[in-house]
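*Asks:* First the structure, then my questions, so here it is.
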Number of protein chains: 2
Amino acid sequence: MAEDRTTQIRRGVVELAVLGLLAQGERYGSQVVEELASQPALALTAGTVYPLLSRLLKAGLIDSTWQESPVGPPRKYYRLTPDGFAAHAAQRDAWVAVRDTLDALLKESR
Amino acid sequence: MAEDRTTQIRRGVVELAVLGLLAQGERYGSQVVEELASQPALALTAGTVYPLLSRLLKAGLIDSTWQESPVGPPRKYYRLTPDGFAAHAAQRDAWVAVRDTLDALLKESR
DNA sequence: CCGAGTACCTTGTTACGCAAGGTTCTGGGT
DNA sequence: ACCCAGAACCTTGCGTAACAAGGTACTCGG
């Protein structure tokens, strides 16, 4: 496959994106996929999101409950735990630090 | 090893950081390591930088020449090729897109 | 009762970040 | 002459993540 180097930039930011989304309120899996896939700069797929949700569940940063759907199979809703909110805050701070550092570095090379 | 989740945020951004640094002018390996290690938000080590430089060399994004050092063994200076400058510009654009998308997403959850 | 649509998740590949280890070269001290 | 400290280079091995592709299950309409 051709190497899409810009893909690399997305790496490491995905988890924060999911935490940020769930910090706004609970969502079910496909919904998370849909919202993140609709952002061209992120372009996430189900194959990325579901394993990530599993990992966050196992880490105790989110939990989930099944709820009926009016139009199809039941949906698994995910929401942040207290640990999840803490992780979200910590990662957001780390993000800001990296963002500012990189922006400063790129500014020099204009 | 304990999981440093903030490490993940650095992922994918390292290459752009090196390209950005070399876009400012040529540098030798240890110098790149030093400058990037001194940024707490990046905290890169030699074990990360050298393999990355090798990869960039092989990809033709940078090239290198040996130069004498006044104080020790010779130094290998790296600089961007035309392809490297193009990659730098492309990745910078991708970075801006991801950065803005993520910032917008995080803003919602305040 | 079967196909279309919705929703869930797993498997396999590839590649990266990083710690740890290892080599080579230079100059200074004895 | 010799050795050692230090500067500079790079490689190996491990863990983990992103993603494509594939697979399962439930619901409803015809």
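The values are calculated or read from the model by the stated rules, or taken from the named source; none is laboratory data. Predicted, not measured: the structure shown is a model, and the values here were computed from it. As a convention, Cβ positions derive from the backbone with ideal geometry for all residues, glycine included, and neighbour counts pool all protein chains shown. SASA here: full protein model, heavy atoms, side chains in, ligands and nucleic acids out. Shrake-Rupley method; radii C 1.70, N 1.55, O 1.52, S 1.80 Å.
*Asks:* I'm trying to understand the selection: among the residues of region A:36-56, which are more than 6 Å from DNA strand D (Cβ to nearest atom) and of a type in the set (Ser, Thr, Tyr)?
*Replies:* A:Ser38, A:Tyr50, A:Ser54
*Asks:* A further question on this structure: Looking only at region A:70-88, which residues are open to solvent by 40 Å² or more (accessible area, probe 1.4 Å) and touching a helix residue (DSSP H, G or I) at 6+ places or on another chain (Cβ under 9 Å)?
*Replies:* A:Arg75, A:Lys76, A:Arg79, A:Phe85
*Asks:* Which count do you get for residues in region B:1-32 that are open to solvent by less than 60 Å² (accessible area, probe 1.4 Å), closer than 25 Å to A:Asp93 by Cβ and either within 11 Å of DNA strand C (Cβ to nearest atom) or of a type in the set (D, E, K, R) (or both)?
*Replies:* Residues in region B:1-32 being open to solvent by less than 60 Å² (accessible area, probe 1.4 Å), closer than 25 Å to A:Asp93 by Cβ and either within 11 Å of DNA strand C (Cβ to nearest atom) or of a type in the set (D, E, K, R) (or both): 11 in total.
*Asks:* Suppose the filter is more than 8 Å from DNA strand D (Cβ to nearest atom) and touching a residue at least 60 places away in the same chain (Cβ under 8 Å); does A:Gly20 pass it? If you could, list the steps in order and put the result at the bottom.
*Replies:* Values: more than 8 Å from DNA strand D (Cβ to nearest atom): yes; touching a residue at least 60 places away in the same chain (Cβ under 8 Å): yes.
Yes; evaluated as a whole, the condition is true for this residue.
*Asks:* For region B:16-29, state whether one or more residues are assigned to a loop (DSSP other than H, G, I, E, B) and in contact with a strand residue (DSSP E or B) (Cβ under 8 Å, 6 or more places away or on another chain).
*Replies:* Of region B:16-29, the ones assigned to a loop (DSSP other than H, G, I, E, B) are B:24-26.
Narrowing further to those that are in contact with a strand residue (DSSP E or B) (Cβ under 8 Å, 6 or more places away or on another chain): B:25-26.
The answer is yes, given that some residue of region B:16-29 is assigned to a loop (DSSP other than H, G, I, E, B) and in contact with a strand residue (DSSP E or B) (Cβ under 8 Å, 6 or more places away or on another chain).
*Asks:* As an exercise: evaluate B:Thr101 against (1) touching a helix residue (DSSP H, G or I) at 6+ places or on another chain (Cβ under 9 Å); (2) of a type in the set (Ser, Thr, Tyr); (3) more than 9 Å from chain A (Cβ to nearest Cβ) and give the number of the one condition it does not meet.
*Replies:* (3)
*Asks:* One residue is enough: does region B:56-69 have a residue meeting the conditions within 9 Å of chain A (Cβ to nearest Cβ), of a type in the set (Ser, Thr, Tyr) and surrounded by 12 or more Cβ atoms within 10 Å (Cβ to Cβ)?
*Replies:* No, the conditions are met nowhere in region B:56-69.
*Asks:* From the list B:Gly12, B:Gly29, which residue is within 12 Å of DNA strand D (Cβ to nearest atom), in contact with a helix residue (DSSP H, G or I) (Cβ under 7 Å, 6 or more places away or on another chain) and at positive phi? First the steps, then the outcome.
*Replies:* Values: B:Gly29 fails: at positive phi.
After ruling out the rest, the residue left standing is B:Gly12.
*Asks:* Of (1) among the polar types (S, T, N, Q); (2) within 19 Å of A:Asp100 (Cβ to Cβ); (3) at pLDDT 95 or above, B:Gln31 satisfies all except one. Which?
*Replies:* Failing condition for B:Gln31: (2).
*Asks:* Also, I was wondering about something else. Condition first: farther than 23 Å from A:Glu15 by Cβ and without any contact (Cβ under 8 Å) to a residue 24 or more places away in the chain. Can you find one or more residues in region B:94-103 that meet it?
*Replies:* Checked region B:94-103: no residue is farther than 23 Å from A:Glu15 by Cβ and without any contact (Cβ under 8 Å) to a residue 24 or more places away in the chain.
*Asks:* Collect the residues in region B:60-91 that are in a helix (DSSP H, G or I) and touching a residue at least 60 places away in the same chain (Cβ under 8 Å), keeping them in residue-number order.
*Replies:* Filtering region B:60-91 for residues in a helix (DSSP H, G or I) gives B:82-91.
Listed by number, the residues that qualify are B:Gly84, B:Phe85, B:Ala87, B:His88, B:Gln91.
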